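One structure is given below, encoded as C-alpha coordinates.
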Amino acid sequence: MSWAQVERFEMKIRLTNGKAAAPGDIAALQRRIGTSLPSDYLEFIAVNDGARAQSNSFKVGLKNGSDVTGFIQVKEIIKAMSIIEDLPPKAFPITRDSCGNYVYIDQGKNGAVFFWDHEVPESTRIADRFSSFLEMIEPFDVASVKLKPGQVKSVWIDPEFLKKIREQEK
(Lines give C-alpha, C1' and ligand atoms only; values in the text may rest on other atoms or scores of the structure.)
Protein backbone atom coordinates (compact mmCIF):
# COMPACT_ATOMS: atom_id res chain seq x y z
CA MET A 1 0.00 0.00 0.00
CA SER A 2 1.37 3.40 -0.86
CA TRP A 3 1.49 6.40 1.44
CA ALA A 4 -0.72 8.32 -1.03
CA GLN A 5 -3.56 5.88 -0.41
CA VAL A 6 -3.38 6.62 3.30
CA GLU A 7 -3.20 10.40 2.80
CA ARG A 8 -6.52 10.23 0.96
CA PHE A 9 -8.02 9.64 4.40
CA GLU A 10 -5.90 12.36 6.04
CA MET A 11 -4.22 9.85 8.33
CA LYS A 12 -1.10 10.71 10.29
CA ILE A 13 0.06 7.13 10.72
CA ARG A 14 1.28 4.42 8.40
CA LEU A 15 -0.68 1.25 7.72
CA THR A 16 0.75 -2.04 6.50
CA ASN A 17 -0.57 -5.37 5.22
CA GLY A 18 -3.87 -3.97 3.97
CA LYS A 19 -5.64 -5.40 0.96
CA ALA A 20 -8.96 -5.11 -0.85
CA ALA A 21 -11.97 -6.54 0.98
CA ALA A 22 -13.78 -9.31 -0.88
CA PRO A 23 -17.14 -8.19 -2.35
CA GLY A 24 -18.82 -11.30 -0.91
CA ASP A 25 -17.60 -10.44 2.60
CA ILE A 26 -18.90 -6.87 2.23
CA ALA A 27 -22.29 -8.18 1.05
CA ALA A 28 -22.50 -10.62 4.00
CA LEU A 29 -21.79 -7.82 6.50
CA GLN A 30 -24.38 -5.54 4.88
CA ARG A 31 -26.97 -8.32 5.06
CA ARG A 32 -26.12 -8.92 8.74
CA ILE A 33 -26.56 -5.25 9.75
CA GLY A 34 -29.47 -4.68 7.38
CA THR A 35 -28.05 -1.64 5.62
CA SER A 36 -25.21 -0.50 3.40
CA LEU A 37 -21.78 0.41 4.76
CA PRO A 38 -20.67 4.07 4.85
CA SER A 39 -19.05 5.22 1.59
CA ASP A 40 -15.85 6.43 3.32
CA TYR A 41 -15.47 3.05 5.02
CA LEU A 42 -16.06 1.22 1.71
CA GLU A 43 -13.38 3.37 0.08
CA PHE A 44 -10.99 2.58 2.93
CA ILE A 45 -11.47 -1.21 2.84
CA ALA A 46 -10.98 -1.19 -0.93
CA VAL A 47 -7.24 -0.96 -0.12
CA ASN A 48 -6.84 -1.29 3.66
CA ASP A 49 -8.95 -4.26 4.78
CA GLY A 50 -7.18 -5.89 7.73
CA ALA A 51 -4.38 -3.29 7.77
CA ARG A 52 -2.04 -3.09 10.78
CA ALA A 53 -1.28 0.33 12.25
CA GLN A 54 1.97 1.84 13.46
CA SER A 55 2.04 2.73 17.17
CA ASN A 56 -0.66 5.35 17.71
CA SER A 57 -3.20 6.91 20.02
CA PHE A 58 -6.52 8.74 19.88
CA LYS A 59 -8.68 10.52 22.44
CA VAL A 60 -11.76 8.96 24.00
CA GLY A 61 -13.74 11.68 25.71
CA LEU A 62 -11.94 14.38 27.67
CA LYS A 63 -9.71 12.28 29.91
CA ASN A 64 -9.11 8.93 28.24
CA GLY A 65 -7.34 7.58 25.22
CA SER A 66 -6.81 4.40 23.28
CA ASP A 67 -5.02 3.01 20.24
CA VAL A 68 -5.66 1.09 17.05
CA THR A 69 -3.70 -2.14 16.73
CA GLY A 70 -5.21 -2.81 13.35
CA PHE A 71 -8.41 -2.79 11.34
CA ILE A 72 -10.59 -5.88 11.52
CA GLN A 73 -10.88 -7.75 8.23
CA VAL A 74 -14.42 -7.52 6.88
CA LYS A 75 -14.66 -11.32 6.83
CA GLU A 76 -13.96 -11.35 10.61
CA ILE A 77 -16.36 -8.56 11.62
CA ILE A 78 -19.48 -10.70 12.06
CA LYS A 79 -17.60 -12.97 14.48
CA ALA A 80 -16.24 -9.92 16.37
CA MET A 81 -19.79 -8.53 16.69
CA SER A 82 -20.64 -11.30 19.15
CA ILE A 83 -17.96 -10.10 21.57
CA ILE A 84 -19.39 -6.61 22.08
CA GLU A 85 -22.13 -6.53 24.69
CA ASP A 86 -25.27 -4.59 23.71
CA LEU A 87 -23.97 -3.76 20.23
CA PRO A 88 -26.71 -1.82 18.42
CA PRO A 89 -28.38 -3.78 15.59
CA LYS A 90 -26.94 -1.68 12.74
CA ALA A 91 -23.46 -1.38 14.27
CA PHE A 92 -20.25 -3.25 13.44
CA PRO A 93 -16.71 -3.16 14.91
CA ILE A 94 -13.88 -1.82 12.76
CA THR A 95 -10.82 -1.88 15.08
CA ARG A 96 -9.63 -3.23 18.39
CA ASP A 97 -7.17 -1.71 20.78
CA SER A 98 -4.35 -3.23 22.78
CA CYS A 99 -6.61 -3.68 25.83
CA GLY A 100 -9.42 -5.68 24.21
CA ASN A 101 -11.75 -2.75 23.50
CA TYR A 102 -13.34 -1.96 20.14
CA VAL A 103 -14.24 0.97 17.91
CA TYR A 104 -17.47 0.49 15.99
CA ILE A 105 -19.57 2.30 13.40
CA ASP A 106 -23.32 2.56 14.06
CA GLN A 107 -25.30 2.93 10.84
CA GLY A 108 -28.40 3.37 13.02
CA LYS A 109 -26.83 6.67 14.15
CA ASN A 110 -25.92 7.94 10.66
CA GLY A 111 -22.49 6.29 10.64
CA ALA A 112 -21.28 7.75 13.94
CA VAL A 113 -18.20 6.09 15.44
CA PHE A 114 -18.16 4.81 19.04
CA PHE A 115 -15.58 3.43 21.47
CA TRP A 116 -16.65 0.31 23.39
CA ASP A 117 -14.70 -0.29 26.59
CA HIS A 118 -15.30 -3.74 28.08
CA GLU A 119 -15.04 -2.22 31.58
CA VAL A 120 -17.62 0.55 31.09
CA PRO A 121 -21.38 0.03 30.64
CA GLU A 122 -21.93 2.64 27.88
CA SER A 123 -20.07 3.29 24.64
CA THR A 124 -18.55 6.72 24.00
CA ARG A 125 -19.25 8.59 20.77
CA ILE A 126 -15.88 9.66 19.37
CA ALA A 127 -16.59 10.83 15.78
CA ASP A 128 -19.47 11.70 13.47
CA ARG A 129 -18.18 9.51 10.65
CA PHE A 130 -15.42 7.04 9.81
CA SER A 131 -13.16 9.50 7.98
CA SER A 132 -13.29 11.84 11.02
CA PHE A 133 -12.18 8.94 13.23
CA LEU A 134 -9.20 8.30 10.93
CA GLU A 135 -8.18 11.96 11.28
CA MET A 136 -8.13 11.58 15.09
CA ILE A 137 -5.45 8.88 15.10
CA GLU A 138 -2.02 10.29 15.96
CA PRO A 139 1.40 8.64 16.03
CA PHE A 140 2.18 7.61 19.60
CA ASP A 141 4.61 9.97 21.33
CA VAL A 142 6.29 8.30 24.31
CA ALA A 143 7.27 11.76 25.61
CA SER A 144 3.57 12.51 26.14
CA VAL A 145 3.42 9.95 28.97
CA LYS A 146 4.22 11.66 32.26
CA LEU A 147 4.48 9.49 35.37
CA LYS A 148 5.24 10.75 38.85
CA PRO A 149 7.74 8.86 41.04
CA GLY A 150 5.93 6.02 42.81
CA GLN A 151 2.84 6.33 40.61
CA VAL A 152 3.21 2.82 39.20
CA LYS A 153 2.96 0.20 41.95
CA SER A 154 3.04 -2.94 39.80
CA VAL A 155 2.66 -4.06 36.21
CA TRP A 156 1.58 -7.19 34.42
CA ILE A 157 3.21 -8.11 31.13
CA ASP A 158 1.51 -10.42 28.68
CA PRO A 159 3.79 -13.46 28.42
CA GLU A 160 3.44 -13.55 24.63
CA PHE A 161 4.37 -9.86 24.40
CA LEU A 162 7.38 -10.41 26.68
CA LYS A 163 8.46 -13.31 24.47
CA LYS A 164 8.34 -11.05 21.38
CA ILE A 165 10.36 -8.34 23.16
CA ARG A 166 13.02 -10.84 24.18
CA GLU A 167 13.21 -12.21 20.62
CA GLN A 168 13.74 -8.67 19.30
CA GLU A 169 16.55 -8.07 21.78
CA LYS A 170 18.55 -11.04 20.44
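The values are calculated or read from the model by the stated rules, or taken from the named source; none is laboratory data. In this text, all values refer to a predicted model and were calculated from it rather than measured experimentally. Every residue, glycine among them, receives a Cβ derived from its backbone with ideal geometry; neighbour counts consider all protein chains shown.
Kindly evaluate Gly100 against the criterion of being out of contact with any Ser or Thr (no Cβ under 9 Å at 6 or more places or on another chain), within 16 Å of Leu15 (Cα to Cα) and surrounded by fewer than 19 Cβ atoms within 10 Å (Cβ to Cβ).
Values: out of contact with any Ser or Thr (no Cβ under 9 Å at 6 or more places or on another chain): yes; within 16 Å of Leu15 (Cα to Cα): no; surrounded by fewer than 19 Cβ atoms within 10 Å (Cβ to Cβ): yes.
Considered against the rule, which asks whether it is out of contact with any Ser or Thr (no Cβ under 9 Å at 6 or more places or on another chain), within 16 Å of Leu15 (Cα to Cα) and surrounded by fewer than 19 Cβ atoms within 10 Å (Cβ to Cβ), Gly100 comes out as no.
Would you say Leu15 is of a type outside the set (D, E, K, R) and at pLDDT 95 or above? Break it down into steps so the answer makes sense when it comes.
Working: of a type outside the set (D, E, K, R): yes; at pLDDT 95 or above: no.
No: the conditions fail for Leu15.
Any idea which residue in segment 60-76 is farthest from Val103 (Cα to Cα), counting only those that are of a type outside the set (A, V, I, L, M) and part of a loop (DSSP other than H, G, I, E, B)? It would help to see each step written out before you state the result.
The first filter runs over segment 60-76 and keeps only residues of a type outside the set (A, V, I, L, M), leaving 61, 63-67, 69-71, 73, 75-76.
So of that shortlist, the ones also part of a loop (DSSP other than H, G, I, E, B) come out as 61, 63, 67, 69, 73.
Values: Gly61: 13, Lys63: 17, Asp67: 10, Thr69: 11, Gln73: 13 Å.
Only one residue fits best here, namely Lys63.
Restricting segment 26-66 to residues that are of a type in the set (D, E, K, R) and under 20 Å from Leu87 (Cα atoms), which is surrounded by the most Cβ atoms within 10 Å (Cβ to Cβ)? Working first, answer last.
Applying the first criterion (of a type in the set (D, E, K, R)) to segment 26-66 yields 31-32, 40, 43, 49, 52, 59, 63.
Pick out the ones that are also under 20 Å from Leu87 (Cα atoms) and you get 31-32.
On the way: Arg31: 10, Arg32: 14.
Ranking the candidates gives Arg32 first.
Considering each residue of segment 132-151, count those that are of a type in the set (A, V, I, L, M, F, W, C) and over 23 Å from Glu43 (Cβ atoms), and give that number. Show your work before the answer.
To start, the set of residues in segment 132-151 that are of a type in the set (A, V, I, L, M, F, W, C) comprises 133-134, 136-137, 140, 142-143, 145, 147.
Restricting the remaining residues to those that are over 23 Å from Glu43 (Cβ atoms) gives 140, 142-143, 145, 147.
Total satisfying the criteria: 5.
Of the residues in segment 46-59, how many are under 10 Å from Ala21 (Cβ atoms), in contact with an Asp or Glu (Cβ under 9 Å, 6 or more places away or on another chain) and not in a loop (DSSP other than H, G, I, E, B)?
So the first thing to find is which residues in segment 46-59 are under 10 Å from Ala21 (Cβ atoms), and the list is 46-50.
If we keep only those that are in contact with an Asp or Glu (Cβ under 9 Å, 6 or more places away or on another chain) as well, we get 49-50.
Subset that is not in a loop (DSSP other than H, G, I, E, B): 49.
Of the residues in that region, 1 qualify.
Quick one: which residue in Glu135, Glu119 is of a type in the set (Asp, Glu), without any contact (Cβ under 8 Å) to a residue 40 or more places away in the chain and either outside any strand (DSSP E or B) or surrounded by 12 or more Cβ atoms within 10 Å (Cβ to Cβ) (or both)? It would help to see each step written out before you state the result.
Numbers: Glu135 fails: without any contact (Cβ under 8 Å) to a residue 40 or more places away in the chain.
Sole residue among the options that is of a type in the set (Asp, Glu), without any contact (Cβ under 8 Å) to a residue 40 or more places away in the chain and either outside any strand (DSSP E or B) or surrounded by 12 or more Cβ atoms within 10 Å (Cβ to Cβ) (or both): Glu119.
For Met11, which of the numbered conditions (1) out of contact with any helix residue (DSSP H, G or I) (no Cβ under 6 Å at 6 or more places or on another chain); (2) assigned to a loop (DSSP other than H, G, I, E, B); (3) buried (at least 21 other Cβ atoms within 10 Å of the Cβ) fails to hold?
For Met11, the failing item is (1).
Would you mind stating whether Asp25 is farther than 20 Å from Glu135 by Cα and acidic (Asp, Glu)?
In short, yes.
Let me confirm something: among Ile94, Ile126, which residue is in contact with a helix residue (DSSP H, G or I) (Cβ under 9 Å, 6 or more places away or on another chain), within 19 Å of Glu43 (Cβ to Cβ), outside any loop (DSSP other than H, G, I, E, B) and β-branched (Val, Ile, Thr)?
Numbers: Ile126 fails: within 19 Å of Glu43 (Cβ to Cβ).
The match here is Ile94.
Give all pairs with beta carbons closer than 7 Å in which a residue from segment 21-34 that is among the charged types (D, E, K, R) meets a residue that is surrounded by 10 or more Cβ atoms within 10 Å (Cβ to Cβ); count only pairs at least 6 apart in sequence or on separate chains.
Hits for this filter: Asp25/Val74; Asp25/Lys75; Arg32/Ile78.
Select from segment 80-103 the residues that are under 14 Å from the mean Cα position of the chain (by Cα) and of a type in the set (S, T, N, Q) and write down the one among them that is modelled with the lowest pLDDT.
Ser98
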